[in-house]
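For reference, the structure discussed in these notes is given below.
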């Protein structure tokens, strides 16, 4: 890079000509090309050195301001966020996107002359990306052919770990009278913060005074307890446990920002009588900078592995240590300020592979006829005597089973015996290859020796009814007077038992047997047992919530529709993305402007699975919305999700160039920029997505994860009014969408252009989707992976569980594919109308837009219109991005006549304007719309058909709840902080896939999938530690708290540079290219730096830093 300074040397000036000397110097400057090494010498024979020095200093100051401050005309060509950065960091090299007014190369040449670098060509918006010194940006804006300069901003990624047990209030709010408060897994439904210690103070919340001791007796105002209900079955507490609470200094106490308050907590094992059996874990958190406003605090416990027996409880105790400077008031029991314990508490039965036949609750001399159902337990029997468990029928040892009178006839109690597991709290997969081991002998009074035993595994519902027989087996042998071991192999394949049902083992004696048998069980000497491996499956109800299963019943699974996924890549060999016949992948082509097309991060494969997984890796359980849609892989980010706007725009350019060849109908963008939350007219990314929209491609984007329960900034491309911006919903564990709530991280608000975002919401919390083998999701986030059992009974990590608006965006992209399969001639505005008009309104959720998506109702609405041409449109009042105009320079948008704009050259003939006949653009508008008059997404003046029932709730501005209403959503999750890596300098591009053919119309016309052998192998670079916890910020006064929280830390691990190379220790990255070091639990938290209006790292993002809008919750067992 050349020297960018201007050197001014003033030797002498005549005593009378100080002002004349300055004028001459300024006149000289007018002809000096900035950024050139220059010297100005003013020579004279006078002797006024003082004046000369003073004028030299003044001139140097003027020159420094000239270098940065642009003229008014130039300032109007620079994005506000970029201009602010230029003023703050004039000496830094900044990544920029430059849009041109013409087609020549003079601007690029000028940048190279200044030592800048051209990094990408972006013809979709007649632009290019470059790196240039900040001080040169205002000078660049002075060039006549420059239309607009914006920051080539980074996109970021964030994550959350959570599995919650919420702290609830007592029934009457008086904690001394109710010293034990409940811990429950249900999200609090209350929106009001009550005072739960009314005998001690009048402030809302629960006052805990400093000085409490977890081990010693303490006053009721110094310690509080919460307990789970009695456990229905033995549970195992495993892994990391955290406590997240809202707290504040009482209003009557003095604040000292430097004083610490130390919160202490412990987890205890409590028996049936309420006595403490053991201390499971302890943790504490010291923090300063407290205020009288609610703040979110996270306290971590050491990793645990502890079994809690059935009917016992888990207890949480909370105190404020005596070393603390203040007392604390805690908020809990409300949806608005929901405090909870994050823990992995799993059914202990799911950890076992052998289940013993027990006699409990039958007594030693019990009567099995009065207790026909006996238990299966994971513990090996401890008793050694062999008791008689059917004393009313015989006097022999063990349990007598009589042979059947006739095949298929009714069974008497003495002809069948049953054992069952407890009711399952979660859906469970039973692995293939279950077996049974029994000990039997022949009663002395029973004739014959030949017997044949039969055993079945059955699914039993909550009413005790047998739903189905899952596996059956039999075995025959000759018996004598001694005990003989029987072994049965069920030879079953994997099967699934839903939550709320039971697994039953039933044993009978075939009628072909020559006599009865004694069955021994429940003893250590003769331990009869069922060997089977169980694997919990996470709830997967969202497909029912959005009506996808109903759509599938009508034949709509996305056949023939192609969706482009602009993300971190797709693992093309994923079983979930295979063709129905297994012959190849449904990923028909791949492209990357940043290098390899393989998914090294994992996010893109996860998103692709939500759109189109067929569930093959999980036996059909974890499926996507459009399981037969075809996909195009457009990788724009690196192995940690780091990307820039120019990378994304380059990917959109490829989609535009290949839309006809591949018949691309939908594009999903589960990402957001980190700057540009101003007018959508200022963003080149928004201009690019509009180009696709106007070319007939439905563009679905993530609404953003920066939610805080109040309106927030919405970043590109979600702030563009044309595209479908999607927020995330939490389903509360039910299928019914009316009880859903907007996820606490889901962004909503009104943009500076008066556009309400998002358009609608979709399920976006705790969703399981495809896992990319060998990706960073696979390597570093094992706790967030869903296990499925292969045919051999071995657990395989085949899924990933996460939350975020990127999840919700993918759900809607899949729904759009179903609509386009049903009616291929729909244009994007009609698809948007159908999805928003059919959504289920959520009146109490101001950030829900039109409501939660229901694709079955959208298809019904489409059928009611009769044809695609009859379907109304939306977006009728919005102007296209001002960056798409090729009119006068600068464009006067207050008086522009649209008829004078050269629309034939908009985007330089990239738009098929002859096909834009949907009235989607307000072509006759002569000024930007009044925000008060902007039409809400999902509304339309066209009448609905007579047979479509709709009250319009949530679809019009008059019916939508006020954005200032209290938003009763869940407590905000923790986020990964944004970190920085050097931005990309290479313009290498990679494309995989066959040469596109002319306009394929169905799967048969699709290009053949790329041979996996041709795929460039993913290169894993040394990975630094994941970002550390960010500081919680003070939370706004109720009802709108905000927060920043810490994150889970992946282990620093050796990563091979090549799949065939031995791993080597990673080199230490540069300080600005690695995530921050791990933060001690005792270290003070620091606020995360805002991404808008705050310093932006010109070197770009790194670590998990693409705003792929993803969260990573712990797997629920």
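Within segment 849-904, how many residues turn out to be assigned to a loop (DSSP other than H, G, I, E, B) and modelled with pLDDT of 75 or more? Before you say what the answer is, go through the steps one by one.
At the first step, the residues of segment 849-904 found to be assigned to a loop (DSSP other than H, G, I, E, B) are 849-851, 853-854, 866-867, 871-881, 885-897, 901-902.
Checking the rest, the ones that are also modelled with pLDDT of 75 or more come to 849-851, 853-854, 866-867, 871-881.
Count: 18.
Buried (at least 24 other Cβ atoms within 10 Å of the Cβ) and under 30 Å from residue 620 (Cβ atoms): does that describe residue 755?
Details: buried (at least 24 other Cβ atoms within 10 Å of the Cβ): yes; under 30 Å from residue 620 (Cβ atoms): no.
Criteria not met by residue 755.
The residues of segment 672-718 that are in a loop (DSSP other than H, G, I, E, B) and touching a helix residue (DSSP H, G or I) at 6+ places or on another chain (Cβ under 7 Å), listed by number, are 675, 676, 678, 695, 696, 697, 703, 704, 705, 716, 717. Using the structure shown, decide if residue 95 is surrounded by 18 or more Cβ atoms within 10 Å (Cβ to Cβ), under 23 Å from residue 687 (Cα atoms) and modelled with pLDDT of 90 or more. Yes: the conditions hold for residue 95. When 609, 619, 651 are screened for being surrounded by fewer than 24 Cβ atoms within 10 Å (Cβ to Cβ) and not assigned by TED's automatic domain parsing to the domain that holds residue 131, only 619 passes. Based on what the data block shows, is residue 849 in contact with a strand residue (DSSP E or B) (Cβ under 9 Å, 6 or more places away or on another chain), in the same structural domain as residue 747 (by TED's automatic domain parsing) and buried (at least 24 other Cβ atoms within 10 Å of the Cβ)? Answer is yes for this residue. Within the set 687, 702, the sole residue that is over 24 Å from residue 570 (Cβ atoms) and either in the same structural domain as residue 814 (by TED's automatic domain parsing) or in contact (Cβ under 8 Å) with a residue 60 or more places away in the chain (or both) turns out to be 687.
Could you please find all residues in segment 605-640 being modelled with pLDDT under 90 and not in a loop (DSSP other than H, G, I, E, B)? Of everything in segment 605-640, those that are modelled with pLDDT under 90 and not in a loop (DSSP other than H, G, I, E, B) turn out to be 616, 617, 618.
Restricting attention to segment 703-710, does a residue exist that is surrounded by fewer than 24 Cβ atoms within 10 Å (Cβ to Cβ) and modelled with pLDDT under 95? Spell out how you get there, then give the answer.
Just the residues of segment 703-710 that are surrounded by fewer than 24 Cβ atoms within 10 Å (Cβ to Cβ), to begin with: 708, 710.
Still in the list and also modelled with pLDDT under 95: 708, 710.
For segment 703-710, residues surrounded by fewer than 24 Cβ atoms within 10 Å (Cβ to Cβ) and modelled with pLDDT under 95: present.
Report yes if residue 729 is in a strand (DSSP E or B), closer than 26 Å to residue 498 by Cα and either modelled with pLDDT under 95 or touching a helix residue (DSSP H, G or I) at 6+ places or on another chain (Cβ under 7 Å) (or both), otherwise no. Judged against the criteria, residue 729 is a match. With respect to residue 253, determine if the residue is surrounded by fewer than 16 Cβ atoms within 10 Å (Cβ to Cβ), farther than 23 Å from residue 345 by Cα and modelled with pLDDT of 85 or more. Yes.
Could you identify the single residue in 570, 649 that is more than 25 Å from residue 494 (Cβ to Cβ) and not in a helix (DSSP H, G or I)? 570 is the lone residue from the list that is more than 25 Å from residue 494 (Cβ to Cβ) and not in a helix (DSSP H, G or I).
Restricting attention to segment 402-421, and to residues there that are under 54 Å from the mean Cα position of the chain (by Cα) and at pLDDT 85 or above, which single residue is farthest from residue 373 (Cα to Cα)? The qualifying residue farthest from residue 373 (Cα to Cα) is 415.
The rows are residues; the columns are (1) at pLDDT below 90; (2) in a loop (DSSP other than H, G, I, E, B); (3) under 20 Å from residue 802 (Cβ atoms).
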| position | (1), (2), (3) |
| --- | --- |
| 515 | yes, yes, no |
| 522 | yes, yes, no |
| 535 | yes, no, yes |
| 538 | yes, yes, yes |
| 551 | no, no, no |
| 559 | no, yes, no |
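Within the set 470, 530, 505, the sole residue that is within 30 Å of residue 784 (Cβ to Cβ), buried (at least 19 other Cβ atoms within 10 Å of the Cβ), under 47 Å from the mean Cα position of the chain (by Cα) and in contact (Cβ under 8 Å) with a residue 12 or more places away in the chain turns out to be 470.
The values are calculated or read from the model by the stated rules, or taken from the named source; none is laboratory data. This is a predicted model, so every value here is computed, not measured. Quick reminder, even Gly has a Cβ in these numbers, built from the backbone with ideal geometry, and neighbours come from all protein chains shown.
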